[in-house]
Structure formats: structure tokens, C-alpha cells
Amino acid sequence: MALALRLSFLLLLAACFAASAADPPEPKVFRLEPKKMAGIDHGKAVVVKGEAGQQPHRFLIDNLTSLMPVTVLLRPVRDGDQVGIKLTKYGWNQPLRSGETRNEPVSFKIRTEGEFQISVDAAQDKTPYRLLVWVGDEVKPELVPVVVKASEYGGAKKEGGSLLPWFIVGALVVVIGVLAAVFLRRKSS
């Protein structure tokens, strides 16, 4: 009985090693940190030089706000090479945007909160590529105040104002005049 248990444990252990050897290792995820670069006046950027293959290169960009514009640009080094790109937010297998270089670079302009992921791959191993990620400065919109002081609100009258009150006063004078004429006419009869 003990020998049977030992043999079954060894077979189970061998099966686990065989299963782990058959699966390719998960690709590493590299955190990209955009920095100020010469020639870029606004925002920060990071450039990645790599050689793509069937195993994707994975990158992560974080610390973003929805007020920061982001541009992701992928281009092959050699003309005619095809390199694929996928942008994801949650799972690597759920791309929100994807594209492939076909004689020209692929570019995405996005805004997001928090982080997003980039996956780069190619059908042929050792396909050289360049990846540029630009994160713009935070855009702060000018908001008009909802509440204004009474002294600022009264400035509209100085500019001319509306003629509507004058029309209302004129209409009331005409209506009162007509009613007075009707009333005086009935009284004299």
C-alpha cells in the first residue's frame, strides 16, 4: 500500500513537471516611466527599442489622469516588417485598441485614468521595432464660476440692457387707456 502511494505521488510529481515544462513562461511586464526629453516642450516621453516575436513584449504605464493626453506610436525599423500592438486596460486578452504596422507606423491617441498596458508582437522572431509613448501635461480647463457677485451681475444694464420692460410698460399704458375709455363711456350713458 505504501509503495503504491509513493508511486502515485511520483507519477503526479512527474506530470506536474511535464505540464509546467510544456507551457511557455508568461512574458515579463516592464513598467515604463516617461521623462522629460530634449525636443519635447510639453509632457514626458519614453522610447523603447526592441525585437518582437511571437512571445509578446508587455509594458505598463501608470499614474495617469483623464486630463493627460497620451499618444502611443509603434513603427518597425525595416520597411515591410509587420509588428502588432494591443492596448488593454484590464486583461491582456481583452484589447481595447489594436493595430498592425503595414508600411507605416500605428498611432493611438487616448485618455485614461490610472494605468493601461501595451503588448507588442510580431509573426517573425527578432523583428526590430520602436515604441514611443508620450504623456502630455495635465490639461486644466478654465471653469466659469457658477455664483457671481451682484455688483458683477449688474454690469449687463450698463451695456444697454433689454427693451422688453419698455414694451411691457407701453402695453400696460395702452390697456389702461382702453379700459378707462370703456369705463368712462359706460358711465356717461
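The values are calculated or read from the model by the stated rules, or taken from the named source; none is laboratory data. Nothing here was measured: the structure is a model prediction, and the numbers come from that model. Positions of Cβ are backbone-derived with ideal geometry, glycine not excepted, and every protein chain shown enters the neighbour counts. All accessible areas refer to the heavy atoms of the entire protein, side chains included, with ligands and DNA or RNA removed. Shrake-Rupley method; radii C 1.70, N 1.55, O 1.52, S 1.80 Å.
Solvent exposure of D125, expressed as accessible area, is near 110 Å², computed with a probe of 1.4 Å over the protein chains only. The label-point distance for D79 and K140, in a model that sets each label 7 Å from Cα toward Cβ, rounds to 4.8 nm. Pairs from the table (K86/K140; K28/K86; K36/K126; K36/K140; K28/K89; K35/K126) lying more than 23 angstrom apart at Cα are K86/K140; K36/K126; K35/K126. Taken one residue at a time, the phi angles of the stretch 63-71 give Karplus couplings (6.51, -1.76, 1.60, θ = phi - 60°) of 6, 9, 10, 5, 8, 9, x, 10, 10 Hz. Gly and Pro are set to x. The 3J(HN,Hα) values that the Karplus relation (6.51, -1.76, 1.60; θ = phi - 60°) gives for the stretch 173-186 are, in residue order, 4, 5, 4, 5, x, 5, 5, 5, 5, 5, 5, 5, 5, 5 Hz. Gly and Pro appear as x. Modelled this way, with points 7 Å down the Cα-to-C-beta line, the labels at I110 and D125 are 2.9 nm from one another. Between the residues S119, V169, L74, the greatest Cα displacement towards the positive end of the dipole of the stretch 73-189, with unit charges on the Cβ of Lys, Arg, Asp and Glu, is found for V169.
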